[in-house]
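Single-structure report; data block below.
The values are calculated or read from the model by the stated rules, or taken from the named source; none is laboratory data. Computed from a predicted model, the values in this text were never measured in an experiment. Cβ placement follows ideal geometry from the backbone for every residue including glycine, while neighbour counts extend to all protein chains displayed.
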Amino acid sequence: MIAVQTERLPWHQPVWDQLVGCHRRGRVPHAIAVAGIAGLGKSRLATRFAQTLLCVSPRSDGDGCSRCRRCDLQAAGSHPDHYAVYPESDPSGPIKIDQIRRLIEFLMQSSQYGGYRVALLDPADNMTLAAASSLLKTLEEPPAAAVLMLVVRQFSRLPATLRSRCRLVQLQPPPATFAREWLTERCPDAIGLLALAGGAPLRAMAYAQAGVEKRYAALIADLLAIVEGRRAPVLAAQDWIGVGLREWIELLQLALAELARAVFAECETAHIAGRADLQTLNQRIDHSCLHDYMEEVVAIRRVLDQPLNEQLVIEDLFIRWRIAARGARLANDRVSGHATKGAVRRTPGDPVGFHQR
Ligand SMILES: [Zn+2]
């Protein structure tokens, strides 16, 4: 098994060459957005380039030398000219305005070692609107020799005013044949999960290590059983309590995306458990309401960092799945009759209505 954590990822090479080229010409942009879906190693690429910028004399391939004092400090996380901002609690939680203010203070200081000051914002998609607005002025009038690297899943989710001031470095999943080959030496179990991971090798590996395939198949089986009337949504929901709402929603989105694509013939998921159920499901459901249902799921996902009643959310989404899959329009009120019987009430300012009491 190869130590993937420290390995150079080959699909980074084209963008790496661009970044190194900028550095050699002394034309490093003030703000660089490293964008791409989960599982391509965006953070790793940003950190790698930060090391290059902070190193005294990078190697011929553009990487930091790993021998100088500055490289040592960066590896130890204590380089005074390096600053990183992450969500404070939950990795998927917000990046707040106070964090951005501290980041701006750092960028305004002068360099301790006389070179670049490099800041990392990861994931920049998680900035609140206020946080993003507070960053704008700094990007409009960037301090000299300061480089801000924004790691983003979806570049389009950043405000247009920020986007126009960033150099976009877009990472793409490697070709499927290449990804399969790469995984063969590292994590063969992940090969069948590549399509589920959107072609991102690291994400497919994470799925394999977390046993996602089995749960995905179980969810597909539940979706089919509910559509066919073999299983009551409330009973199906009980089996999912404790899995974690975030993972459950993610699996549901994956299943819906597969259904929306409906291209099973060329699909890479040939040996994934649940494929037969997915094909049957594809024939059973009315696709016309799938989009509305997906929107509902996205709306819940957006508020996942708030305390939600897991059981009621899953029950309600299963109930609404049954309605949508049969081709009926979903009512505007996101909380079904069943869910409102519990201890949850829809309150003003509560976009979903599943908040924990
Ligand atoms: Zn060095």
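Specify which of the listed residues (L53, L19, L73) is within 13 Å of the ligand (Cβ to nearest atom) and modelled with pLDDT of 95 or more. Full working, then the answer.
Numbers: L19 fails: within 13 Å of the ligand (Cβ to nearest atom); L73 fails: modelled with pLDDT of 95 or more.
Step by step, each of L53, L19, L73 is checked, and only L53 is within 13 Å of the ligand (Cβ to nearest atom) and modelled with pLDDT of 95 or more.
As a summary of the residue check, P142 satisfies the conditions (1) part of a loop (DSSP other than H, G, I, E, B); (2) surrounded by 19 or more Cβ atoms within 10 Å (Cβ to Cβ) except for the one numbered (2).
Residues that are within 9 Å of the ligand (Cβ to nearest atom), more than 28 Å from the chain's Cα centre (by Cα) and not hydroxyl-bearing (S, T, Y) within segment 56-68 comprise V56, P58, R59, C65, R67, C68, listed in sequence order.
Mind counting the residues in segment 163-185 that are under 30 Å from S134 (Cβ atoms) and either touching a residue at least 40 places away in the same chain (Cβ under 8 Å) or among the basic types (K, R) (or both)? Residues that pass the stated criteria total 8. When V152 is tested against (1) outside the structural domain of E105 (by TED's automatic domain parsing); (2) modelled with pLDDT of 95 or more, exactly one condition is not met: (1). Number of residues in segment 22-50 that are within 16 Å of the ligand (Cβ to nearest atom) and touching a Pro at 6+ places or on another chain (Cβ under 8 Å): the value is 1. When F155 is tested against (1) in contact with a strand residue (DSSP E or B) (Cβ under 7 Å, 6 or more places away or on another chain); (2) loosely packed, with under 13 Cβ neighbours inside 10 Å; (3) hydrophobic (A, V, I, L, M, F, W, C), only condition (2) is not met. Listed by position, the helices (runs of 4 or more DSSP H) inside segment 1-79 whose residues that are without any contact (Cβ under 8 Å) to a residue 24 or more places away in the chain and exposed (fewer than 14 other Cβ atoms within 10 Å of the Cβ) number at least 1 are 13-24, 69-75. Considering the conditions (1) at pLDDT below 85; (2) closer than 20 Å to A200 by Cβ, A255 is excluded by exactly one of them, (1).
Within segment 29-73, the residues that satisfy the criterion of being touching a Gly at 6+ places or on another chain (Cβ under 7 Å) and over 30 Å from G199 (Cβ atoms) are L54, C55, P58, C71. For L317, the test of being assigned to a helix (DSSP H, G or I), within 28 Å of E213 (Cβ to Cβ) and at pLDDT below 85 is failed. Does I285 satisfy the criteria of being surrounded by 18 or more Cβ atoms within 10 Å (Cβ to Cβ), at pLDDT 65 or above, among the β-branched types (V, I, T) and within 25 Å of A200 (Cβ to Cβ)? Taking the combined requirement at face value, the residue does not satisfy it. Residues that are modelled with pLDDT under 95 and either within 13 Å of the ligand (Cβ to nearest atom) or in contact with a Pro (Cβ under 8 Å, 6 or more places away or on another chain) (or both) within segment 80-92 comprise just one, P87.
Within the span defined as segment 109-129, one or more residues are touching a residue at least 24 places away in the same chain (Cβ under 8 Å), surrounded by fewer than 17 Cβ atoms within 10 Å (Cβ to Cβ) and either among the basic types (K, R) or touching a Cys at 6+ places or on another chain (Cβ under 9 Å) (or both). Applying the criterion of being in a helix (DSSP H, G or I) and surrounded by fewer than 18 Cβ atoms within 10 Å (Cβ to Cβ) to the residues of segment 269-278, the residue that is modelled with the highest pLDDT is A276. Across segment 80-127, the number of residues qualifying as farther than 21 Å from S156 by Cα and part of a helix (DSSP H, G or I) comes to 10.
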